[in-house]
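**Student:** Can you keep this structure in mind? I'll have questions shortly.
The values are calculated or read from the model by the stated rules, or taken from the named source; none is laboratory data. Remember, it's a predicted structure, so these values are computed and weren't measured experimentally. FYI the Cβ positions are ideal-geometry reconstructions off the backbone, even for glycines, and counts take in every protein chain you see. Accessible surface is based on the protein model in full, side chains and every heavy atom, while ligands, DNA and RNA are left aside. Shrake-Rupley method; radii C 1.70, N 1.55, O 1.52, S 1.80 Å.
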Amino acid sequence: MFIGAQVSLYPMTSDFVDVIMTGLKALTPYKQDLRIETDDMSTLMVGAPEPLLDAIRDLFSEAARRPEHVTMHVTLSRGCPGEPDDPTCHCEALATAQSLGLEERKALALDAVQAAPEKGVSIDVQFSLYVLGQDGHMDEIYGCIDFLKQSGTFLRAKNFCTRLRGDAGAVFETLRQAFLRFGPAEGHVTIDLTASANSPSLR
């Protein structure tokens with residue numbers, strides 16, 4: 001299976017280079033577990049979802065510790081039929097999910113969010129989950145929405161997406177569980193998300 005993300009960080013300041021470099025330093029511990037490739041548009045990260053989501057979380061958390069308004073856009077994908085299999089993307093949670101019912105998966109997802117480490121940075125996220133090429137895909141999406149509403153990070157529903165707010169640890173764990181627990185284990189599932197921190201609109 002291929003699991004990866006395209007990530008773009010957008011600091012709202014003339015000192016954008018310093019903000020980006022601050023965030024990129026947080027990726028150093030993950031370079032042995034992930035394939036990371038950067039060009040002038042985005043950074044590709046490929047690997048198992050545990051280090052992948054941790055790396056994205058830490059990249060944004062470190063940038064958000066500064067006072068400047070910063071946003072990040074991420075496209076997550078797993079199981080894309082157009083991508084090659086990659087042994088580094090192996091994930092036990094996906095294999096487990098395949099054998100469990102929707103209610104069991106929701107319970108496991110909620111437990112994981114409760115156990116998430118606190119990062120000490122408050123963030124906002126809006127995201128959409130896409131379960132592709134599966135009959136009955138709305139059952140999985142409605143199951144995910146039910147999980148989100150119980151997660152403790154749910155802010156509100158919007159057209160085409162869901163808003164989350166809270167500590168970066170809990171918010172990104174919510175995203176990880178939405179990505180892993182809903183949709184077929186071997187199917188194509190994507191998430192489109194935008195994260196924001198230190199927005200002057202919230203003051």
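**Student:** Can you tell me which residue within region 148-165, out of those that are in a helix (DSSP H, G or I) and in contact with a strand residue (DSSP E or B) (Cβ under 9 Å, 6 or more places away or on another chain), is farthest from V113 (Cα to Cα)?
**Tutor:** The qualifying residue farthest from V113 (Cα to Cα) is K149.
**Student:** Give M72, M41, M45 a once-over and let me know the one that is out of contact with any Leu (no Cβ under 7 Å at 6 or more places or on another chain) and either under 17 Å from A26 (Cβ atoms) or open to solvent by 40 Å² or more (accessible area, probe 1.4 Å) (or both).
**Tutor:** Details: M72 fails: out of contact with any Leu (no Cβ under 7 Å at 6 or more places or on another chain); M45 fails: out of contact with any Leu (no Cβ under 7 Å at 6 or more places or on another chain).
Matching residue, one of M72, M41, M45: M41.
Residues are listed down the side, and each one gets a yes or a no for (1) touching a Lys or Arg at 6+ places or on another chain (Cβ under 6 Å); (2) at pLDDT below 95; (3) over 21 Å from S128 (Cβ atoms); (4) basic (K, R):
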| residue | (1), (2), (3), (4) |
| --- | --- |
| S14 | no, yes, yes, no |
| M45 | no, no, no, no |
| A55 | no, no, yes, no |
| S77 | no, no, no, no |
| E83 | no, yes, no, no |
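**Student:** Could I ask something else about it? Give the residues of region 135-144 that are assigned to a helix (DSSP H, G or I) and open to solvent by less than 60 Å² (accessible area, probe 1.4 Å), sorted by residue number.
**Tutor:** E140, I141, G143, C144
**Student:** Restrict the check to region 116-123 and report whether at least one residue is assigned to a strand (DSSP E or B), open to solvent by 10 Å² or more (accessible area, probe 1.4 Å) and within 26 Å of K25 (Cβ to Cβ).
**Tutor:** Yes, region 116-123 has at least one match.
**Student:** Look through V74, V131 and report the one residue that is more than 14 Å from the chain's Cα centre (by Cα) and assigned to a strand (DSSP E or B).
**Tutor:** On the way: V74 fails: more than 14 Å from the chain's Cα centre (by Cα).
Testing whether each residue is more than 14 Å from the chain's Cα centre (by Cα) and assigned to a strand (DSSP E or B) leaves just V131.
**Student:** Okay, moving on. Looking at L132, is it touching a residue at least 40 places away in the same chain (Cβ under 8 Å) and open to solvent by less than 20 Å² (accessible area, probe 1.4 Å)? If you could, list the steps in order and put the result at the bottom.
**Tutor:** Working: touching a residue at least 40 places away in the same chain (Cβ under 8 Å): yes; open to solvent by less than 20 Å² (accessible area, probe 1.4 Å): no.
Taking the combined requirement at face value, the residue does not satisfy it.
**Student:** In region 135-167, what residues are in contact (Cβ under 8 Å) with a residue 24 or more places away in the chain and of a type in the set (V, I, T)? Explain how you work it out, then say what you get.
**Tutor:** Initially, region 135-167 is screened for residues in contact (Cβ under 8 Å) with a residue 24 or more places away in the chain, giving 137, 139-141, 143-144, 146-148, 150-153, 155, 158, 160-167.
Selection gives I141, T153, T162.
**Student:** Name the single residue, out of those in region 166-189 being part of a strand (DSSP E or B) and modelled with pLDDT under 95, that is most open to solvent (accessible area, probe 1.4 Å).
**Tutor:** Across region 166-189, the extreme among qualifying residues is H188.
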